[in-house]
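Chemist: Below are the structure tokens for one structure; questions will follow.
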Amino acid sequence: MDPVRHLKISFFVLVLLITIGVTGYMGIEKWNFLDALYMTVITLGTVGFREVHDLSDAGKLFTMGLIVVGVSVLGYIVGSLAQIMFEGQFQRIIGRKKVEKKIDALQDHYIICGFGRIGALICKEFAAKPLPFLVIEKHPEVHEKLHQEEYLHIRGDATEDETLLRAGIKRAKGLISVVTSDTENVYITLTARGLNPDLFILARSGEEGSEIKLKRAGANKVVSPYVIGGGRMAQAILRPNVVDFIEIATGREHLELQMEEILIPPESSFAGENLVSSGFRKETGVIIIGIKKAVGKMVFNPNPHAKMEANDTLIVLGEPAAIQKLEQLISCSNCATDVIKKHRKEPTPHE
């Protein structure tokens, strides 16, 4: 058990003993409250002061029992305090308070349930993006690694309402359940969906047939690492060059080319424009390989006159610097107006 929890329990027992002592002296010896409290305190403290009044035989037996129990409890409290001081628990407590403040300040973040091999990879990708996230892990031995990685995390069972509320699920943008047990993933999904009906939930499926159960529980998307891994290995033999290209485009370790998705916000001046008038290709050099429409339809290899609408998502391919330039261009309303005026005048339909 955590030493701090030991200490809290010890103080609770001490207060309970004082209450029992006061009640006992008032009941056995018929003393008033102040005399009973004073006698209880000097008895538990073993200071050796003389009794307030002469004790009856029953009072003496009660006092002996109070001394035995009281000395044990006080010794336990002193031991807990020593453990806290020697193990640097005070620094950990202060550090934990700072972490809790950071967790309380999170908004539109992602909650990752489970820090196994898959959870660790997800955290690495999110940290590289970066995206705000925190990890829920119930195994104490894993928290040292989380602490070393400096990831925000809390200890607890993600299937419980209290744990998810502590993680700020009502303020979260999404939840990723990647614990090893499919049963736990189902419970986590059910609990999370009940606490936040608008939450995006991604769940891991390990066994055949679990995907249907997870979707019934409320998961928006279910991923099976075994299916993906098997498919990727097969494609590495059947279409090795295609697999190499995808790994280069989607991997964070490759800096020469990346594939990214960029949202067209409702307030953007590019909403309602086509790819020609936007000038994205000529201004940044990126390739628009797809447009995910707000209604859910995916348009692959869009033609130059394909219109972009509010809340559409562009799937782009290009160098990291070019993608960053495009993100800045879309977010800059003044820049957008100038670019649109410039490219609307161009007669060529080719982008």
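Chemist: Binning at 10 Å from 0, report for region 15-170 what percent of all alpha-carbon pair distances ends up in each bin.
Modeler: Spelled out per bin, shortest first, that is 9, 27, 16, 13, 17, 13, 5, 0.
Chemist: So if R0 is 25 Å, what FRET efficiency would residue 282 and residue 243 give, r being the distance between their Cβ atoms, rounded to the nearest 0.05? Can you show the working numbers first?
Modeler: Working: r = 31 Å, r/R0 = 1.24.
Once rounded, the FRET efficiency stands at 0.20.
Chemist: Just the Cα atoms of region 274-351: what Rg and Dmax do they give in Å?
Modeler: Considering region 274-351 through its Cα atoms, Rg and Dmax are 11.9, 32 Å.
Chemist: Picking from 116, 230, 70, which is most flexible by a Gaussian network model of the chain using Cα springs under 10 Å?
Modeler: Its mean-square fluctuation being the largest, the pick is 70.
Chemist: Which of 23, 191, 284 ends up with the largest GNM mean-square fluctuation for the chain, with Cα atoms connected below 10 Å?
Modeler: 23
Chemist: Give me the orientation-averaged projected area of the Cα convex hull of region 213-311, in nm², one decimal.
Modeler: For the Cα atoms of region 213-311, the hull's average projected area reads 9.1 nm².
Chemist: Another question about this same structure. How big is region 1-68 along each principal axis, measuring the range of its Cα positions in Å and listing the largest first?
Modeler: Principal-axis extents of the Cα atoms in region 1-68, largest first: 43, 21, 19 Å.
Chemist: Say each of residue 57 and residue 300 gets a label point 7 Å from the Cα, pointing the same way as Cα to Cβ; how far apart are those two points in nm?
Modeler: Placing both labels 7 Å beyond Cα along the Cβ direction yields 9.7 nm.
Chemist: Hull surface divided by four, with the convex hull built on the Cα atoms of region 118-188: how many nm²?
Modeler: 4.7 nm²
Chemist: Can you give the FRET efficiency for residue 117 and residue 257, using 1/(1 + (r/R0)^6), R0 = 30 Å, r = Cβ-Cβ distance, to the nearest 0.05?
Modeler: In this case the efficiency is close to 0.65.
Chemist: Moving to a separate point now. Compute the FRET efficiency between residue 150 and residue 104 as 1/(1 + (r/R0)^6), taking r as their Cβ-Cβ distance and R0 = 25 Å, and round to the nearest 0.05. Intermediate values should be presented prior to the final figure.
Modeler: Details: r = 18 Å, r/R0 = 0.71.
Result of the calculation: an efficiency of 0.90.
Chemist: What are the extents of the Cα atoms of region 136-286 along their three principal axes, in Å, largest first?
Modeler: Per principal axis, max minus min of the Cα coordinates gives 52, 45, 37 Å.
Chemist: Which of 310, 219, 58 moves the most in a Gaussian network model of the chain with Cα springs under 10 Å?
Modeler: Looking only at 310, 219, 58, the biggest GNM fluctuation is shown by 58.
Chemist: If you don't mind, there's one more thing I want to ask. For the pair residue 81/residue 125, report the inter-label distance in nm, with labels modelled 7 Å from Cα in the Cβ direction.
Modeler: Spacing of the two 7 Å Cα→Cβ label points: 5.1 nm.
Chemist: Can you work out the Karplus-derived ³J(HN,Hα) for every residue in region 303-314? Use 6.51 cos²θ - 1.76 cosθ + 1.60 with θ = phi - 60°, whole Hz, and x for glycine or proline.
Modeler: The phi angles translate into 6, x, 9, 5, 8, 9, 10, 4, 6, 6, 10, 8 Hz.
Chemist: Between 0 and 90 degrees, rounded to the nearest ten: what's the tilt of helix 225-238 against the longest Cα principal axis of the chain?
Modeler: Long axis of 225-238 versus the principal axis of the chain: about 30 degrees.
Chemist: Which entries of 221/292; 170/293; 124/325; 129/341 show an alpha-carbon separation above 21 angstrom in the structure shown?
Modeler: Those over the limit are 170/293; 124/325; 129/341.
Chemist: What number results when the radius of gyration of region 158-233, computed over Cα atoms, is divided by 2.2 N^0.38 Å?
Modeler: Numbers: Rg = 12.4 Å, N = 76, 2.2 N^0.38 = 11.4 Å.
Cα Rg divided by the expected 2.2 N^0.38 Å: 1.08.
Chemist: Any idea what angle helix 89-105 forms with the longest principal axis of the chain, computed on alpha-carbon atoms, 0 to 90 degrees, nearest 10?
Modeler: Taking Cα atoms only, the helix is inclined about 40 degrees.
Chemist: While we're on this one: Compute the orientation-averaged projected area for region 90-211 from the convex hull of its Cα atoms and round it to one decimal in nm².
Modeler: With every direction weighted equally, the projected area is 7.4 nm².
Chemist: Moving on to the next point. Residue 16 to residue 47: extension gain in nm, 0.36 nm per residue of separation minus the Cα-Cα distance?
Modeler: Length gained between residue 16 and residue 47: 9.2 nm.
Chemist: What accessible area per residue comes out for region 147-275, rounded to a whole number of Å², with a 1.4 Å probe?
Modeler: Accessible area per residue: 59 Å².
Chemist: Out of the total accessible area of the chain (probe 1.4 Å, heavy atoms of protein only), what percent is carbon and sulfur?
Modeler: Of all accessible area on the chain, carbon and sulfur atoms account for 59 percent.
Chemist: Taking Rh as the Kirkwood radius computed over C-alpha pairs, what is the Stokes-Einstein D of the chain at 37 °C in a medium of viscosity 0.692 mPa s, expressed in µm² per second? Write out the running numbers ahead of the final one.
Modeler: Details: Rh = 25.8 Å.
Translational diffusion coefficient: 127 µm²/s.
Chemist: If you don't mind, another one. For region 254-321 and region 127-159, write down the distance between their C-alpha centroids in whole Å.
Modeler: 34 Å
Chemist: Could you give the nm distance between label points at residue 198 and residue 319, where each point is 7 Å from its Cα heading toward the beta carbon?
Modeler: Distance between the two pseudo-spin positions: 4.0 nm.
The values are calculated or read from the model by the stated rules, or taken from the named source; none is laboratory data. Remember, predicted model here, so these are calculated numbers, not experimental data. As a convention, Cβ positions derive from the backbone with ideal geometry for all residues, glycine included, and neighbour counts pool all protein chains shown. In case anyone asks, the SASA skips ligands and DNA or RNA and just uses the protein heavy atoms, side chains included. Shrake-Rupley method; radii C 1.70, N 1.55, O 1.52, S 1.80 Å.
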